[in-house]
There are 2 protein chains.
Amino acid sequence: MARTNDFESFLIKNGFIWGPEPEIYGGLAGFYTYGPLGTLLKRNVENTIRNEFKVQDFFEIESPFIAPKEVWEGSGHLLGFVDKVVICKKCKRSFRIDKLAEEKGISVKELLKRIKENKVKCPNCNGALGSKVESFNLMIKTEVGGREAFNRPETATMTYLPFKRYYDFFRKKLPIKVFQIGRAYRNEISPRQNVLRGREFTQAEGQIFITKELEYSERFKSKLKEFKSVKGVFWPAEFQEKAQKEKLMNYQEVSKYTEKPAYVYYLFLTYKLFERLGFPQDKLRIRQHKDDERAHYAVDAWDFEVKTSLGWIECCGVHDRGDYDLKRHSKYSNENLVILDENGNNVHPQILEIAFGVDRPIYCLLDIFYKVETVNGESRAVLKLPKQLTPIKLAVFPLVKKDGIAELANKIYQTLKKAKLEVYYDEVASIGRRYRRVDEKGIPFVITIDYQTKEDQTVTLRDKDSMKQIRIKISDIEKTVNELISGALKFSQINKH
Amino acid sequence: MARTNDFESFLIKNGFIWGPEPEIYGGLAGFYTYGPLGTLLKRNVENTIRNEFKVQDFFEIESPFIAPKEVWEGSGHLLGFVDKVVICKKCKRSFRIDKLAEEKGISVKELLKRIKENKVKCPNCNGALGSKVESFNLMIKTEVGGREAFNRPETATMTYLPFKRYYDFFRKKLPIKVFQIGRAYRNEISPRQNVLRGREFTQAEGQIFITKELEYSERFKSKLKEFKSVKGVFWPAEFQEKAQKEKLMNYQEVSKYTEKPAYVYYLFLTYKLFERLGFPQDKLRIRQHKDDERAHYAVDAWDFEVKTSLGWIECCGVHDRGDYDLKRHSKYSNENLVILDENGNNVHPQILEIAFGVDRPIYCLLDIFYKVETVNGESRAVLKLPKQLTPIKLAVFPLVKKDGIAELANKIYQTLKKAKLEVYYDEVASIGRRYRRVDEKGIPFVITIDYQTKEDQTVTLRDKDSMKQIRIKISDIEKTVNELISGALKFSQINKH
């Protein structure tokens, strides 16, 4: 399934996402550039996640993107971060057996049987497929200072390694909460669907180092009450096994399917974050991993999935990793990464993880909020992103260029820009064409400077969604627009001048 | 020359910079983790640069960190991004000939002569050095999807490649101004001096695509007047050749040594940015490259150098790259990256570049503003960073934990945190010890909640630098601290309550 060309050209034309890059050199599948509007949107998404983490006392850190082989032996990626593939004997291409089986609508077992019988051929050249299942490691390999190294496949491992530094810095008080926003790499065999499955992507992962006692403590039971009015669509593993549908649940109901109060707390915290990013309740479901799909390190795992025109897309996972990570790294590094628990024992801390992708939520938001409407018999392409996330908040138009109107508009534009409002100036073409441009870019408000402005110091303010207009004073622009963006003011409530 | 152990342990203990990482696996030279305070400081430095670029109508973009070989053939890095080395015949180590010559206090020519005569031995094993000069490429190599590729050695090249996308997006109107903040890689033979010469680092590079006509235009001549009251210490190539010292100059004087008004404009814009980052005038000099040290692509180049305890450190370069880049990439990619100039000719645009490192300014700021003072006969370690850059703005202390004081302090802390003030809570140890902790972390203000707070809703506010204290109302904390940080209010001007 692919989105329409229309959507892809909307992304390109409006400076959201370009690629595969480097385009002028033919492109390398799975690599993209965020253009001017894409980058502003990305910053807004990242900062929304960042602020939410910070309010919850998470501290941000930044670690290297490259680490030597030993780290990935310790983390388990060297052996475990693989796709299972079969290779064409003729063209030598690799094919993931899970994807091939899915395409044929059969089980992996059945696929392998048919390959052996030579009934399934190479999708590329129709040659015979090898029947031996090979492991294809997805890490991007390199060498630094003569040592074998890899571009990190996730931020998580890199965040775990300095645990002893955190333990000192936070003066041995758990839970210790850190997060990291940055690139990670995955040498996908077949990158596809734009940034949804790229080879280079941005993650925003929060890690909570905690003890078992704290996970079950009264403190978290009581903190859960913060979410007493929150409901989301959850889909426990048990339901999936019984072919039962997902269901709207509160934290008490979810607690029946996963037991640690601290874990449920971070599930709901993540849910709130998705709300803050503007995902509607009916586009979001939280699906628990079944026993046979959980990663080797996971005690429990729920994925946040978003409904798009490409189907359900996983955008975030909340994982109970138990004490897997620090136990493994203690063993492989010979550094004992333990803490003194409440009972005076040396134990490896438990880790709870909120593992956000950044690119996927961005793509899903654009997919959900890009609409082509019919207005007065004409087609209007419009991006209806939540106002706080829009790359640009306000456009400034002079009605005409002459008679000092453009100069006045430019002066207002400069003042607003210095006030740190994301603002955009356009004086080219008719007002109608300029409105169409800003609609597509998702700019929620436009002010137009006209002849009346020179007389009474007012401008027209236009609302993208309703297309209504009202005149306001120049001196009120900044305050009015900021209040409209934050939601403190509705367009219909603005006082006329 | 190395900084004292005292400084390195200050960086580690206070969560600024840890490494070489991964420490628990023995460390890989040239890779570091920014800890909680280091990352907050890095965000502040990046956002200061980002905001300055944005006010000047630069748009941010984000491109891949990896690109295939063809790109680096086009950019010239495959051939030109090399260190010249000799290799020890015995231990096989490589040594940079420029560094080796510098250490011996002789010229490279003399060094090579002495190596041939076997008079200079391997600094590592004392074996014989090979006399053949080899080229060691500094790019970090990898392979993606079967194609040879490299981790980018700079952001600049990646910013140039989508030029045609910008040209469309900005509707063919020059100058086009974009910037990118992100990682770059350099496989240093001998990484050293902490993050000053790491193998992985962050750059913040602004690129201006412009025509020659615009570079010399009245528009830039007139814009230069914005800087009429700005003076900095400049060091033209001519002065260096005549062994003449650097000199305080304004833009008119600097214009005698480099001719394009647009280029001088961006030199002074960069100077203002260094001022905004808090670098004192006497720690900063802008040094022009001499003819024999300019990179192959550069028409002119001035480096911003900062005086530290390790000597002068280059933190930023402003480069006139002529039309080198887009001409080369047109040739190598077979895409004609041209514009229509004022005279109707197809030409490759000129590029002016502001090439900031992020790690170096951070390290230099810490070096400059970390002091060990003697106060009342006792030693006090204090970080006197400019207030807007400090990772944390305010610490909240309860005088004691009992009698509801800690609960009240915590409540105030939570309120301030939600108001997006960077705030820090500490209730452990005596007030004196807690003050010492915040002094070292560069936290400019502390409020202490005590018994009087319960009676009259006031707290003490302490200024790190003067160590003076004053009582203010709880309801005034947020406003007062924000005004003290922005500089709108001085501590001595606060009204007593």
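Please tell me if B:Gly38 is surrounded by fewer than 18 Cβ atoms within 10 Å (Cβ to Cβ), within 9 Å of another protein chain (Cβ to nearest Cβ) and within 30 Å of A:Phe169 (Cα to Cα). Taking the combined requirement at face value, the residue does not satisfy it.
Figure legend. Inter-residue proximity from the range B:11-22: first residues facing chain A (nearest Cβ under 7 Å), second residues open to solvent by less than 10 Å² (accessible area, probe 1.4 Å) and among the polar types (S, T, N, Q), beta-carbon distance below 6 Å, spacing 6+ or different chains. Indicated pairs: B:Trp18/B:Thr33; B:Glu21/B:Thr33. Selection of the range B:143-155 for residues being over 12 Å from B:Val71 (Cα atoms) and surrounded by 22 or more Cβ atoms within 10 Å (Cβ to Cβ) yields B:Val144, B:Thr155. For the range A:174-192, a residue qualifies if it is more than 9 Å from every other protein chain (Cβ to nearest Cβ), of a type outside the set (A, V, I, L, M) and within 21 Å of A:Phe53 (Cα to Cα), and the qualifying residues are A:Pro175, A:Lys177, A:Phe179. Exactly one residue out of A:Thr308, A:Thr270 is among the hydroxyl-bearing types (Ser, Thr, Tyr) and farther than 27 Å from A:Pro175 by Cα: that is A:Thr308.
Tally time: how many residues in the range A:48-91 are in contact with a Cys (Cβ under 7 Å, 6 or more places away or on another chain) and under 23 Å from B:Asn151 (Cα atoms)? Write out each step before concluding.
As a first pass, look at the range A:48-91 and keep what is in contact with a Cys (Cβ under 7 Å, 6 or more places away or on another chain): A:88, A:90-91.
With under 23 Å from B:Asn151 (Cα atoms) added as a condition, the list becomes none.
Counting residues in the range A:48-91 that are in contact with a Cys (Cβ under 7 Å, 6 or more places away or on another chain) and under 23 Å from B:Asn151 (Cα atoms) gives 0.
Residue under question is B:Ala409, and the condition is that it be of a type in the set (A, V, I, L, M) and either farther than 21 Å from A:Asp57 by Cα or in a strand (DSSP E or B) (or both); does it hold? Talk me through it step by step, then tell me what you get.
Working: of a type in the set (A, V, I, L, M): yes; either farther than 21 Å from A:Asp57 by Cα or in a strand (DSSP E or B) (or both): no.
So B:Ala409 does not fit the description; no.
Give the residues of the range B:416-441 that are touching a residue at least 60 places away in the same chain (Cβ under 8 Å) and open to solvent by 40 Å² or more (accessible area, probe 1.4 Å), sorted by residue number. Matches in the range B:416-441: B:Glu422 only.
Of all residues in the range A:390-415, those satisfying the criterion of being open to solvent by 10 Å² or more (accessible area, probe 1.4 Å) and either within 30 Å of the chain's Cα centre (by Cα) or among the β-branched types (Val, Ile, Thr) (or both) are A:Lys393, A:Val400, A:Ile412, A:Thr415. Residues of the range B:123-142 being within 12 Å of another protein chain (Cβ to nearest Cβ) and either open to solvent by 60 Å² or more (accessible area, probe 1.4 Å) or not polar (S, T, N, Q) (or both), which ones? Within the range B:123-142, B:Phe136, B:Leu138, B:Met139, B:Ile140, B:Lys141 qualify. One residue stands out in the range B:1-35 among those that are part of a helix (DSSP H, G or I) and open to solvent by less than 10 Å² (accessible area, probe 1.4 Å): the one that is farthest from A:Glu335 (Cα to Cα), namely B:Phe7.
Of all residues in the range B:167-179, those being under 7 Å from B:Phe209 (Cβ atoms) and under 26 Å from the mean Cα position of the chain (by Cα) number 2.
A:His296 fulfils the conditions (1) open to solvent by less than 50 Å² (accessible area, probe 1.4 Å); (2) modelled with pLDDT under 95 except for a single criterion, (1).
If you check A:Ala298, A:Ala262 for being small (Gly, Ala, Ser) and outside any helix (DSSP H, G or I), only one passes: A:Ala298. Of all residues in the range B:442-497, those satisfying the criterion of being among the acidic types (Asp, Glu) and without any contact (Cβ under 8 Å) to a residue 60 or more places away in the chain are B:Asp450, B:Glu455, B:Asp456, B:Asp463, B:Asp476, B:Glu483.
Could you please let me know if B:Glu353 is in a strand (DSSP E or B), over 25 Å from B:Ser222 (Cα atoms) and away from every other protein chain (no Cβ under 14 Å)?
Details: in a strand (DSSP E or B): yes; over 25 Å from B:Ser222 (Cα atoms): no; away from every other protein chain (no Cβ under 14 Å): yes.
The answer is no for B:Glu353.
The values are calculated or read from the model by the stated rules, or taken from the named source; none is laboratory data. All of these numbers come straight from a predicted model, not from anything done at the bench. Here the Cβ is made from the backbone with ideal geometry for all residues, glycine too, and neighbour counts use every protein chain on show. To get the accessible areas, we keep the full protein, side chains included, count just its heavy atoms, and leave off ligands, DNA and RNA. Shrake-Rupley method; radii C 1.70, N 1.55, O 1.52, S 1.80 Å.
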